[in-house]
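The values are calculated or read from the model by the stated rules, or taken from the named source; none is laboratory data. From a predicted model like this one, the values you see are computed outputs, not experimental measurements. So basically every Cβ, Gly included, is an ideal-geometry build from the backbone, and we count neighbours across all protein chains shown.
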Amino acid sequence: MLTVFIETKNSEEGLARTLAALVPNAIDGFVRDVVVCDHGSTDNTHRVADHAGCHFVTTGFAAAIRQAKSDWILILEPGARLADGWVEPVLVHVERQKIAARFRRARSARARFLSRIFARKRALAEGLVISKGQAASLSSKARSAEEMAKKIATKRLSAEIYSAP
């Protein structure tokens, strides 16, 4: 049903946290596969991905997007975790919409007001649900998922995400 895509660089701990949170959804069959696009890690990121059964790609962002088996891709940062109940809003979205979508930041994990204002904005802090066709088209012009996510209009899902630290 859904391919999860995670870009990494020396992200073994964050990758392990994100993958562990996705295990129940993989067992249920909602997460069909996971593609890890690595940008030159020197730690054990490759081992974490390998032990979890992920497709590990080092040939670039566009090539990694083509590895997705599903028509919809969920792009997450290493270390991000989706809050319980995220599957239903995503299912409804992919059945009814063609536009990309983002999650809401979990209320309990939101930074203080001034921290949010002055912090560097990360386009993937709220994840991204995007069709494979749209991702493939945009990936030809972007060097990373972060760069692609900055340039795309999205809808807001009712599900929450705990962003990567």
- Task: State yes or no: is GLY14 small (Gly, Ala, Ser), in a loop (DSSP other than H, G, I, E, B) and either free of Cβ contacts under 8 Å to residues at least 24 places away in the same chain or farther than 20 Å from ARG143 by Cα (or both)?
- Result: no
- Query: Among the numbered criteria (1) at pLDDT 95 or above; (2) within 23 Å of LYS141 (Cα to Cα), which single criterion is violated by ALA62?
  - Reply: (1)
- Report yes if ASP38 is of a type in the set (Asp, Glu), within 17 Å of ALA164 (Cβ to Cβ), surrounded by fewer than 20 Cβ atoms within 10 Å (Cβ to Cβ) and touching a residue at least 24 places away in the same chain (Cβ under 8 Å), otherwise no. no
- Message: Being in contact with a Leu (Cβ under 9 Å, 6 or more places away or on another chain), in a strand (DSSP E or B) and aromatic (Phe, Trp, Tyr) narrows it down to one residue among PHE5, PHE56; which is it?
- Response: PHE5
- Name the residue, out of ALA136, ALA145, ALA153, that is hydrophobic (A, V, I, L, M, F, W, C), at pLDDT below 95 and either under 13 Å from the mean Cα position of the chain (by Cα) or within 23 Å of THR18 (Cα to Cα) (or both). ALA145
- Only unsatisfied item for PRO89, checking (1) in a helix (DSSP H, G or I); (2) at pLDDT 95 or above; (3) under 14 Å from the mean Cα position of the chain (by Cα), is (3)
- Query: Checking VAL57 against (1) without any contact (Cβ under 8 Å) to a residue 24 or more places away in the chain; (2) of a type in the set (A, V, I, L, M); (3) farther than 26 Å from ALA142 by Cα; (4) in contact with a strand residue (DSSP E or B) (Cβ under 7 Å, 6 or more places away or on another chain), which test does it fail?
  - Reply: (3)
- Message: Return the residues of region 84-107 that are more than 25 Å from SER137 (Cβ to Cβ) and loosely packed, with under 13 Cβ neighbours inside 10 Å; say none if nothing qualifies.
- Response: ASP84, GLY85, GLU88, ARG107
